[in-house]
Amino acid sequence: MGADDKGKKEEIITAEYKIHLHCQECARTIKKHITSIEGVHKVDANVGGGKLTVKGVLDPAKILKVLEKKSHRKVELLSPLPKKEDKKDDKKDEKKKEPEVKKTVIKVCMHCKDCEGELKRRLLTLEGVYSVKTDMKANTCTVEGIIEAEKVTKFIQRKLHKKAEIVPPKEEKKEEKKEEKKEEKKEEKKEEKIVTYVIYCPQGYHCTLGSDIFSDENVNACSVM
């Protein structure tokens, strides 16, 4: 097992990259950076063909990152190609990380068309804001994007010196009202409950049914005839 592990660690890999090199000076600078990396044995640059070959005990993906960082250009790994499974996993991670687009309604005072235009123009400069719709009559603006609602209100207060409040969704209000009505109905039903009794009386007694059967105030309660 130990010998096999050593063999795997010392496996020499030849990686080929596609990179745009302006001149021999650019090629020498790139070669200098890559040669200084531990495990790299040899670096060959083809300026005319736009290719760079790196040989050694190395990770092709790590070399790719170094090339892009040092050259400030997009670099493509020609060989060895990464496994397809790794690409699928990367795509899944990218999909998971995609932020959710939200619509937020904000209450803000707009005196005139100039105020309305200024508000819309300023909000569209915010990163993460995709669209802005204003309603001057209702004094509201609807912001669509991936930005947090709190950031929008703070921006309006700080930059436009206007009071801004987030308007809660109508659906939430309706649900709250429905729950309140249900609770009220339950309480009313509880209050309206009447307890009834069935009592078999011997001769000489007159009985009535009801929750006040044993009450002294009820003239029709159980009594001796």
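The values are calculated or read from the model by the stated rules, or taken from the named source; none is laboratory data. In this text the structure is predicted, and so the values were computed from the model without any measurement. Cβ: placed from backbone, ideal geometry, glycine included. Neighbour counts: every protein chain shown.
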Next on the checklist: Which residue is farthest from the chain's Cα centre (by Cα), if the candidates are limited to the stretch 127-162 and must be among the β-branched types (Val, Ile, Thr) and assigned to a loop (DSSP other than H, G, I, E, B)?
Outcome noted: Ile147
Next on the checklist: Just checking, does the stretch 86-98 include any residue being within 30 Å of the chain's Cα centre (by Cα), modelled with pLDDT of 70 or more and of a type in the set (Asp, Glu)?
Outcome noted: yes
Item to check | In the stretch 30-70, the residues that are in contact with a strand residue (DSSP E or B) (Cβ under 8 Å, 6 or more places away or on another chain), in a helix (DSSP H, G or I) and surrounded by 13 or more Cβ atoms within 10 Å (Cβ to Cβ) | outcome: Ile30, Lys31, Ile34, Thr35, Pro60, Ile63, Leu64, Leu67
Checklist entry - Which of the residues spanning the stretch 30-45 are in contact (Cβ under 8 Å) with a residue 24 or more places away in the chain and within 16 Å of His72 (Cβ to Cβ)? => result Ile30, His33, Ile34
